[in-house]
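Structure, as C-alpha cells:
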Amino acid sequence: MPSLLDAGRAGGALLLAPGVYAPQSDTYLLQDAIAREDLPRGAEVLDVGTGSGALALAAARRGARVTAVDRSRRAVLTARLRAVLAGQRVRVLRGDLLEPAAGRRFDLIVCNPPYVPSPHRLPPRRGAAVAWDAGPDGRAVLDRVCDGAAGLLRPSGVLLLVHSALSGVEPTIERLERAGLRASVVRRASVPFGPVLRSRTEWLERRGLIAPGQREEELVIVRAHRP
C-alpha cells in the first residue's frame, strides 16, 4: 500500500490515505472564506465531504465545534487521524452528504463537493473520481447540497460552497434562494485546468462548456445565509 505521507501545503506534511482528495486551489479558497467569517468560539460547524479534513481543521482552529462527514472510509480515517495529530477535536462521521447531520442545526456549513462535468451520465460510486465527477452538468451533488443545507442552518447561519463556473453559477444562486437562503458570489478566482479537465477539453468544447482553446476555469465561492 502506498505511504500515507504526502506533500502538503506550505506549513507541514499532509497525511493522506490513497484515493483521498488532496487539498487544491478550491480547498484553499474555501479556507480563506472560513477565515473571513465572524465565528464565535464554540460555533457549530459542519464540513460536508471533508476528504482530507483540511476545512474541518481550519474551522476547529477557530475554536468551533466541528462535525465532518464523508462517505469514504479512507477519508474518514484520514480526517480523524489528522485531527488527532493536530490536537483538534473534530467529530468525523461516515455517511452520504447531509444525512449524518439530520436533525441538527449549525452556524456554518462548508462544502467542497464534486463538481466537474463528466461524459458519464451518472457519478461514479467508487474510485478516486468520486471526489470530482458530478454528471454531465457537474451538478449531481451541488443540487443536493443546495436543496438540503437550509434545513440544517440556524437563523443567521451561513453556507460556504465552492465550485467551478463550468457547473453554472446562476443555477446555484437560484436553487439556494428557492430553498429560502440569500445567496451571492463572494469570491472568484481563475486557475489553470488540472489533469482531469485537460483530459476532457474536446468533450467540454463540444458541449459548449468552454471556448475553443480555453485552458482556465473560474472557481467561485458562494455564500448563502439563512435570514
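Read the figures in this text as sums done on the coordinates, not as results from a lab. All figures in this text were calculated on a predicted structure; none of them were measured in a lab. Cβ atoms come from the backbone with ideal geometry, glycine included; neighbour counts cover every protein chain shown.
For residues in region 161-178 being crowded, with 24+ Cβ neighbours inside 10 Å and not β-branched (Val, Ile, Thr), which is nearest to Thr50 (Cα to Cα)?
Checked region 161-178; the qualifying residue nearest to Thr50 (Cα to Cα) is Leu161.
Residues are listed down the side, and each one gets a yes or a no for (1) among the polar types (S, T, N, Q); (2) under 23 Å from Ala102 (Cβ atoms):
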position	(1), (2)
Arg126	no, no
Gly135	no, no
Ala149	no, yes
Arg154	no, yes
Gly168	no, no
Thr172	yes, yes
Ser184	yes, no
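Check every one of the strands (runs of 3 or more DSSP E) wholly within region 59-150 and list those with 1 or more residues that are aromatic (Phe, Trp, Tyr).
Here the list reads 106-111.
Taking interchain pairs and intrachain pairs at least six residues apart, which have beta carbon atoms under 8 angstrom, with the first residue in region 185-211 and without any contact (Cβ under 8 Å) to a residue 24 or more places away in the chain and the second among the small types (Gly, Ala, Ser)?
Glu205/Ala211
Name the residues in region 64-97 that are of a type in the set (S, T, N, Q), touching a residue at least 40 places away in the same chain (Cβ under 8 Å) and either farther than 17 Å from Ala128 by Cα or touching a strand residue (DSSP E or B) at 6+ places or on another chain (Cβ under 7 Å) (or both), would you?
Narrowing region 64-97 to residues of a type in the set (S, T, N, Q): 67, 72, 78, 88.
If we keep only those that are touching a residue at least 40 places away in the same chain (Cβ under 8 Å) too, we end up with 72, 78.
The one that is of a type in the set (S, T, N, Q), touching a residue at least 40 places away in the same chain (Cβ under 8 Å) and either farther than 17 Å from Ala128 by Cα or touching a strand residue (DSSP E or B) at 6+ places or on another chain (Cβ under 7 Å) (or both): Thr78.
Which of the residues that make up region 35-59 are surrounded by 20 or more Cβ atoms within 10 Å (Cβ to Cβ) and more than 14 Å from Phe106 (Cα to Cα)?
Gly49, Thr50, Gly51, Ser52, Gly53, Ala54, Leu55, Leu57, Ala58
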